[in-house]
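Values quoted throughout were computed directly from the atomic coordinates according to the rules given, and no laboratory measurement underlies them. All of these numbers come straight from a predicted model, not from anything done at the bench. Backbone-built Cβ (ideal geometry, glycine too); neighbour counts: all protein chains shown.
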Amino acid sequence: MVNYIWAGMILIGVAVAFVNGKVDAVNKAVFEGAKTGVTVTFGLLSILIFWMGMMKIAEEAGLLNKMARLLGPLARWLFPTIPKDHPAFGYILSNMTANLFGLGNAATPMGIKAMQELQKLNPDPKTATPAMCTLLALNTSSMTLIPTTIIAIRMNYNSANPADIVGVTLVATFIATCAAIMIDRWYQRLERRR
Amino acid sequence: MYALVTQLSIWAIPVLLSYVLVYALYKRVPVYDTFVSGAKGGFGTTIRLMPHLVGMMVAITVFRESGALDLLTQALRPVLNAIGFPAEVLPLSLLRPVTGTGSLAITTDLIARYGPDSYIGRLASTIQGSTDTTLYVLTVYFGAVAVTRTKYALKVGLLSDLIGVIASVCIVSLIFG
């Protein structure tokens, strides 16, 4: 599906640009897009290096195992295929907590570490496991308590009450997260029946 | 409540860092050596991500700059107006799962144009705040472990984004409409 979306965006873009007579815009977009890709990656580089170092300390000190045990029932319900007390649970919990507080920058390395732990349990390293898909579902719908960036923008444009969208955002994000978990479960069941 | 959670967000990282360090020192972990050995992994992971991110960013930029996104918005406008969804917010809903910075730019533009306390301004804020960049998350997480067969993960992400947008429209029109 990613293959079709990716190729589709480029091919449709080129076709539309041709019809509009904006072919030069495509040339520019290719260079700009590639540049953005590299910039974003380098933005991640510093954060990933730092947090992966910190997480190694947490792991060696036994903090991740402690967290994994604490997390218990909820995580085991969400990720029934991961063995009990597996270090992946620690990373998954840190990832979820960081997302909840809107620390997107810190959440990504933790999610990646969780993925790498899940990959160790994967019998076929090219194919996603159900646990990986669940982790993705949790991250794409990302429960957030306070959308700080949005509040800052609303403040900039002189909103009477910049934070008055917090309540509705919480409800919407909660519904989206519940939906993500349920849809994920549904697909898991379909896969098992095959 | 809001002030409390904001403070929690500000303090979360410093407290976390200190806690990990103090606990590790108490457990006699050689913290600096351990940090360096773990941090080494960050470089390889990031470099592995670069092809994925460059590929995606090019596709997104071409689609947007060619005018294809505007065309799609125009085509869907009558349907959306019929169900009470402001067409102005459609590009945001379409781009939100694809690009975080791109959709943030659109949200800022909508807030600037219609005002932060307008229906459109509030709806845009809620949509931006309640969903995440599905395609980016998918690219980064699966790219980091080189998983290429992603099964149903994208469908789950996109469907929950759709439900997030619908939920945002319902709740915002209920409270502020």
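Think of it as helices only: each DSSP H run of n ≥ 4 in chain B is worth -39500 (n - 2.57), and spread over all residues that comes to -27000 deg cm²/dmol at 222 nm. Placing a pseudo-label 7 Å from each Cα along the Cα-to-Cβ vector at residue A:158 and residue A:3 gives an inter-label distance of 5.4 nm.
So how many Å³ per residue does the convex hull of the Cα atoms of segment A:9-93 work out to? Please report the intermediate quantities before stating the final value.
Working: hull volume 10.8 nm³, N = 85.
About 127 Å³ per residue, rounded to a whole number.
Were the residues from residue B:149 through residue B:15 laid out at 0.36 nm apart, the gain over their Cα-Cα distance would be 44.4 nm. Kindly flag which residue pairs out of A:66/A:113; A:126/B:151; A:66/A:126; A:120/B:155 have an alpha-carbon separation exceeding 19 Å in this structure. Correct reply: A:66/A:126; A:120/B:155.
Mean-square fluctuations from a GNM of chain A, with a 10 angstrom spring cutoff on Cα atoms, peak among A:142, A:159, A:94 at A:159.
Give the dimensionless ratio obtained when the Cα radius of gyration of segment B:30-177 is divided by 2.2 N^0.38 Å.
Ratio of Cα Rg to 2.2 N^0.38 Å: 1.26.
Could I get the Rg over Rh figure for the protein assembly as shown? Both from C-alpha atoms, Rh via Kirkwood, rounded to two places. In the protein assembly as shown, Rg relative to Rh is 0.97.
What Kirkwood hydrodynamic radius, in Å, does segment B:133-173 give when the mean of 1/r is taken over all pairs of distinct Cα atoms and then inverted?
Taking every pair of different Cα atoms in segment B:133-173, averaging 1/r and inverting gives 11.4 Å.
Enclosing the Cα atoms of segment B:80-156 in their convex hull gives a volume equal to 92 cubic angstrom per residue.
The Kirkwood radius of chain A, taken over pairs of alpha-carbon atoms, gives through the Stokes-Einstein law at 25 °C and 0.890 mPa s a diffusion coefficient of 125 µm² s⁻¹.
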